[in-house]
Amino acid sequence: MAKITVIHGPNLNMLGKREPDIYGAMDLSQLDDAIRRMGDQLGHLVEIFQSNHEGDLVDYIQGQGGKADMILINPGAYTHTSVAIRDALLAVGIPTIEVHMSNVHKREEFRKISYISDIVVGTIGGFGAQSYLLALAAAAGVVGGGRQ
Ligand code: DQA
């Protein structure tokens with residue numbers, strides 16, 4: 001059994017209310033339930049964390065060092081700005097998948113820049129809540145083991 005850590009960045013606590021035409025109607029607790037259910041099915045331990053604060057996200061990533069086998073992170077708007085989150089991921093050296101609900105390449109120019117794309121295993125985006133489940137399936141493929 002591997003530990004897969006899922007991290008939601010700023011404003012993802014507003015899912016369901018926030019721009020539902022872009023991010024859908026599901027709220028964060030429903031999304032987290034779906035992620036946990038899939039983690040159980042895959043036979044892996046899933047831990048989930050959300051914060052609106054860059055420093056808290058950095059602290060949490062640092063705390064995963066030596067604990068998580070894989071990180072799935074949707075850094076929200078910090079994707080496009082945060083050297084600190086990039087450096088924290090590099091510091092812990094845990095294989096990471098970048099997740100986005102929307103297709104950032106179909107949106108404003110500034111969303112096309114990611115500070116982590118070049119240091120992650122891969123990026124999944126554009127599939128709404130499903131992006132996280134696709135990323136979880138991909139993570140299970142990377143860590144191996146789990147339920148056969
Ligand atoms: C997002 C895309 C970001 O540009 C935006 O700031 C978010 C959510 C996504 O999941 O599509 O907060 O990461």
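The values are calculated or read from the model by the stated rules, or taken from the named source; none is laboratory data. From a predicted model like this one, the values you see are computed outputs, not experimental measurements. Please note: Cβ atoms are built from the backbone with ideal geometry, for glycine as well, and neighbour counts cover all protein chains shown. Quick note on the areas: whole protein, heavy atoms, side chains included, nothing else; ligands and nucleic acids left out. Shrake-Rupley method; radii C 1.70, N 1.55, O 1.52, S 1.80 Å.
Remarks
- Peptides ranked, highest mean first, by Cβ atoms within 10 Å: ranges 73-79, 33-39: 73-79, 33-39
- Percent carbon-and-sulfur accessible area, the chain, ignoring ligands, DNA and RNA, probe 1.4 Å: 52
- Candidates 130, 50, 30: whichever shows maximal mean-square fluctuation once the chain is modelled as a Gaussian network with Cα springs under 10 Å: 30
- Take residue 87: with every protein chain present and a 1.4 Å probe, its accessible area is about 80 Å².
- Binning all Cα-Cα separations of region 3-143 at 10 Å, short to long from zero, yields these whole-percent fractions: 12, 48, 36, 4.
- Probing with 1.4 Å while keeping every protein chain in the model, the per residue accessible area of region 3-143 equals 46 Å².
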